[in-house]
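The values are calculated or read from the model by the stated rules, or taken from the named source; none is laboratory data. What you see is a predicted model; the values in this text were computed from it and never measured. Neighbour counts are summed over all protein chains in view; Cβ atoms, including those assigned to glycine, are modelled from backbone coordinates with ideal geometry.
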Amino acid sequence: MNELDLIDAFLSPFGLTRDARGRGAGVLSGPGDDCAVVRPSRGRQLVLKVDEVVEDVHFQPRWFEPEDVGHKALAAALSDLAAAGARPRWFLCALGVRRDADPVRVAREMARGMANLARRYRCALVGGNVTRAPAWSISVTAIGEAERARGRRGARPGDKLVVAGELGRAALGLRLLQGNAENDGSATWRGRRQPTRLSREETAAIRAQLRPEPLLAAGLAAGKIAVAAVDVSDGFLRDLGHLCDASRCGSEVELSDLPMDAAVRDSGVELALGGGEDYALLFAARPRDAERLVSAIRRTKTAARVVGRFVKTRGIRLLQNGAPQPLPPNLGWDHLA
């Protein structure tokens, strides 16, 4: 494997070369230098997020094509910018390369998945790194701009909990892929074969797992109406817990109001509560502003609804038509489990 050939293959889907110097708005120096140099917009805060996907932890080649992995790696980082209310501008990418039958091809296809998503959101690759590794991995540092970035702090008792997007689809998609006997095999890039005879909802669930969409338009539309936010990457309950802990309060959630399609409901509400990787957005809004927030998000053609409220007592309380329900044993993804 030649390192420079692999780097050239990775850069080519972005229309870049190793001697690129100022490609893209605000980019003073890009790939080819030891450091990227960018010029932020006047009066804007820089918002930075690093995320990583690792083979056999976040994806398996028997189910994911390289393009899927590249797309998902960038989408995960952009979803955090969406929660912060930041517009993506640039990103850096570090690639871990395992010995493979054709690592240059795999790297090029991963880059193609990232490049297609980056073009849609006008987010420029400005640098990165490549190294040999025991497994494939992609680490993305996304950089965005916001007038005033949102964080997890800011919710207070009485505020409404608003969900943008849908819950449980990605977890259902993973279950369908795992249950497909045709996808058994060694961890090689051999071409994915999806289960047959799928319903429309099941097909959408597999796509939600392989090619998640960051809700950037919804995050920007929430603007100053939302007072706190987090994206749903680790699971609805886990990430809601992060939001509550940072804001030093608790929450009540009405299960009947959670946004789930029919296939997810038929498979069990636990998928929506703890499945993770939905990249939906959770917002806190003052009671008087909740419906205005829902309307602003829906204008971006993103589903949104009020699903609960924040309370003084710490912890999360689940309700079914007002009646208390137990928390499920799985609250979401544990990164070190």
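Structure notes:
- Meets criteria (modelled with pLDDT of 95 or more and surrounded by fewer than 16 Cβ atoms within 10 Å (Cβ to Cβ)) for Arg150: no
- Members of region 89-110 that are buried (at least 24 other Cβ atoms within 10 Å of the Cβ) and either closer than 21 Å to Tyr279 by Cβ or without any contact (Cβ under 8 Å) to a residue 60 or more places away in the chain (or both): Arg89, Trp90, Phe91, Cys93, Met110
- When Leu28 is tested against (1) touching a residue at least 24 places away in the same chain (Cβ under 8 Å); (2) touching a Gly at 6+ places or on another chain (Cβ under 9 Å), just one condition goes unmet, and that condition is (1).
- Within region 1-30, restricting attention to residues that are among the acidic types (Asp, Glu) and either at positive phi or part of a helix (DSSP H, G or I) (or both), the residue that is surrounded by the most Cβ atoms within 10 Å (Cβ to Cβ) is Asp8.
- Residue match in region 257-279 (condition: assigned to a strand (DSSP E or B), in contact with a Leu (Cβ under 8 Å, 6 or more places away or on another chain) and in the same structural domain as Leu220 (by TED's automatic domain parsing)): no
- Of all residues in region 241-291, exactly one satisfies the criterion of being in contact with a helix residue (DSSP H, G or I) (Cβ under 9 Å, 6 or more places away or on another chain), more than 29 Å from Glu202 (Cβ to Cβ) and polar (S, T, N, Q), namely Ser251.
- Count of region 292-337 residues which are under 30 Å from Val57 (Cα atoms) and surrounded by 12 or more Cβ atoms within 10 Å (Cβ to Cβ): 11
- Asp278 at pLDDT below 95 and either under 21 Å from the mean Cα position of the chain (by Cα) or buried (at least 20 other Cβ atoms within 10 Å of the Cβ) (or both): yes
- Among residues of region 63-81 that are free of Cβ contacts under 8 Å to residues at least 60 places away in the same chain, those with a Cβ under 9 angstrom from a residue that is surrounded by fewer than 24 Cβ atoms within 10 Å (Cβ to Cβ) and not aromatic (Phe, Trp, Tyr), sequence gap 6+ or separate chain, pair up as Glu67/Glu109; Glu67/Arg112; Glu67/Asn116; Glu67/Arg211.
- Single unsatisfied condition, Val230 versus (1) touching a His at 6+ places or on another chain (Cβ under 7 Å); (2) assigned to a helix (DSSP H, G or I): (2)
- Residue match in region 242-254 (condition: outside any loop (DSSP other than H, G, I, E, B), over 22 Å from Gly151 (Cα atoms) and in contact with a strand residue (DSSP E or B) (Cβ under 6 Å, 6 or more places away or on another chain)): yes
- Which numbered condition Gly165 fails, given (1) out of contact with any strand residue (DSSP E or B) (no Cβ under 9 Å at 6 or more places or on another chain); (2) in the same structural domain as Val307 (by TED's automatic domain parsing): (1)
- Members of region 31-62 found to be in a loop (DSSP other than H, G, I, E, B) and touching a Gly at 6+ places or on another chain (Cβ under 8 Å), listed by number: Cys35, Ala36, Arg39, Pro40, Ser41, Arg62
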